[in-house]
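Worksheet: the structure to be examined is printed underneath.
The values are calculated or read from the model by the stated rules, or taken from the named source; none is laboratory data. Since this is a predicted model, take the numbers as computed values, not measurements. Don't worry about glycine lacking a Cβ; one is built from the backbone with ideal geometry, like all the others, and counts go over all protein chains shown. All accessible areas refer to the heavy atoms of the entire protein, side chains included, with ligands and DNA or RNA removed. Shrake-Rupley method; radii C 1.70, N 1.55, O 1.52, S 1.80 Å.
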Amino acid sequence: MDIPPWAPTLTDGVVTLRAHRPGDADGVLEQARDEQMQRWTSVPAPYGYQDAAEWIGSRRPDWEAGRNLALAIECGGRFAGSIDFRPDRAGAAEVGYGLGPWARGQGMMSRALRLYLPWGFRELGLEVVHWRAAAGNWPSRRAAWAVGFRVEGLVRGLLADRGSRQDGWIGSLRRTDPLSPAHSWHTPPVIQDARVQLRAHRPEDLPRMVEAAGDPLTRQWLPAQPSPYTAADAAAHLEDIREQQAGGHALYWAVADPGDSRLVGEIGMFGLSSPSRSGELGYWAHPDSRGRGLTTAGVRLAARHALLPLEVGGLGMTRLVIRAAAENEASQRVALSAGFRPAGRDRCAERLRDGTLADLLRFELIAADLDRLPVPGADHGSWDETGARPDGAWRVSGARGW
């Protein structure tokens with residue numbers, strides 16, 4: 001691999017990639033000292049101005065040696081961060097990047113990647129670029145996803161972090177891959193009517209989740225949940241939700257009281273990446289919210305969002321299924337009240353916590369059924385005549401009909 005001459009200048013008119021300059025030291029220092037940078041990378045701590053100046057001074061020697069091909073990211077004439085390739089001289093390189101606190105959340109890194117990746121494929125002759133990040137570094141993963149990287153999986157102990165090992169994600173982008181997302185990344189919008197609100201989960205939901213999981217009925221119908229169920233288990237569940245949504249496979253909502261946004265349950269839908277566009281819907285309710293119709297109201301909202309066409313803001317699913325244990329009459333009532341129709345029985349399909357094998361009853365709803373169902377919230381003006389929110393906010397969730 002021939003290393004091109006020192007530091008090209010690349011720009012899209014908004015973001016510019018260029019050689020690092022001595023005047024970037026203040027920006028490098030601010031970035032390196034930032035709490036998120038310290039958390040997710042192995043940047044030294046403490047970090048001083050001299051460290052920043054020495055790092056900038058080493059950029060050209062590292063480039064000429066082919067060790068680290070780093071460029072500064074500039075926006076509006078201001079240093080915003082850095083991006084680099086670490087080539088292996090055999091047709092592959094690892095990409096690394098970071099932004100200062102002021103530059104985050106503006107799509108700046110995806111712009112930088114769309115400038116640097118084509119340059120690397122063209123000028124370095126790269127066949128593949130690899131990306132890795134500490135598990136949980138969602139901003140880094142989002143930037144990689146936006147330009148087409150595919151996360152190949154979680155590797156235990158992948159990264160060294162100040163004397164310890166940390167789990168990490170690894171992803172890849174081939175020369176022939178488009179610089180656009182390879183799959184959906186689902187983000188739950190807020191949808192509500194007069195009775196119930198569907199929103200993303202929040203850290204403050206954890207105590208209510210622990211309470212619900214400790215309830216005897218919840219434990220019976222959710223046999224795979226840990227017992228006892230702790231705040232750490234609830235936090236792990238929220239992280240798993242983020243993983244499923246980031247992979248385009250599922251979408252989950254917290255069901256909340258529209259008055260105070262207090263969690264009263266959960267609705268999820270998985271199978272979103274199925275070529276058949278057929279998904280499965282599931283739900284659970286906090287003990288103090290049962291018998292109030294809140295879960296049914298939430299399921300109606302979620303199902304309608306799932307089955308409405310893409311052009312009106314829905315997910316464009318063709319079919320939804322709910323499965324409920326034959327003895328779980330409360331879950332069956334929710335499915336029927338939400339408009340789902342009985343669709344069969346799977347015998348001895350799930351082992352419950354007490355060791356018995358339960359039959360699962362299936363209920364289904366297809367897109368054509370929406371015409372026979374009432375529009376949620378039509379009596380108070382939160383929805384238009386198509387059933388879509390006036391602001392276009394939609395998306396769906398999943399789990400199992402418990």
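Springs join every pair of Cα atoms under 10 Å in this Gaussian network model of the chain, and among V321, V14, V375 the largest mean-square fluctuation is at V14. Expressed as a whole percent, the accessible area of segment 3-137 that falls on carbon and sulfur atoms is 49 (1.4 Å probe). Remark on segment 27-175: Rg and Dmax equal 14.9, 40 Å (Cα only).
Using alpha-carbon positions, what is the distance between the centroids of segment 331-353 and segment 203-253, in Å? A separation of 21 Å, based on Cα centres. Entry comment: accessible area of segment 142-220 is 52 Å² per residue, from protein heavy atoms only and a probe of 1.4 Å. Packing-based ranking of 305-311, 259-265, 45-51 yields 305-311, 259-265, 45-51, ordered from highest to lowest mean Cβ neighbour count within 10 Å. Placing unit charges on the Cβ atoms only, positive for Lys and Arg and negative for Asp and Glu, gives segment 20-142 a dipole magnitude near 400 debye about its Cα centre. Peptides 87-100, 214-227 ordered by packing proxy, namely the average of other Cβ atoms within 10 Å per residue, highest first: 87-100, 214-227.
Note on the chain: helix-only mean residue ellipticity at 222 nm, from DSSP H runs of 4+ residues weighted -39500 (n - 2.57) and normalised by residue number, equals -8000 deg cm²/dmol.
Placing +1 on the Cβ of every Lys and Arg and -1 on the Cβ of every Asp and Glu, with no other charges, gives the chain a dipole of roughly 520 debye about its Cα centre. The value given for the chain is a Kirkwood hydrodynamic radius of 23.7 Å, derived from the mean inverse Cα-Cα separation. Computed over segment 221-339, the percent of Cα pairs more than 16 Å apart is 65. For G265, nonlocal amide neighbours, meaning residues 5 or more places apart or on other chains whose placed amide H falls under 5 Å from its own, are V255, H286. Build a GNM of the chain with springs between Cα atoms under 10 Å apart, and of M109, M317, M37 the one that fluctuates most is M37. Highest mean packing first, where packing is the average number of other Cβ atoms within 10 Å per residue, the peptides 78-84, 242-248 line up as 78-84, 242-248. Of the residues W102, Q36, L69, the one whose Cα sits farthest towards the positive end of the charge dipole of the chain is L69 (charges of +1 on Lys and Arg Cβ, -1 on Asp and Glu Cβ, taken about the Cα centre).
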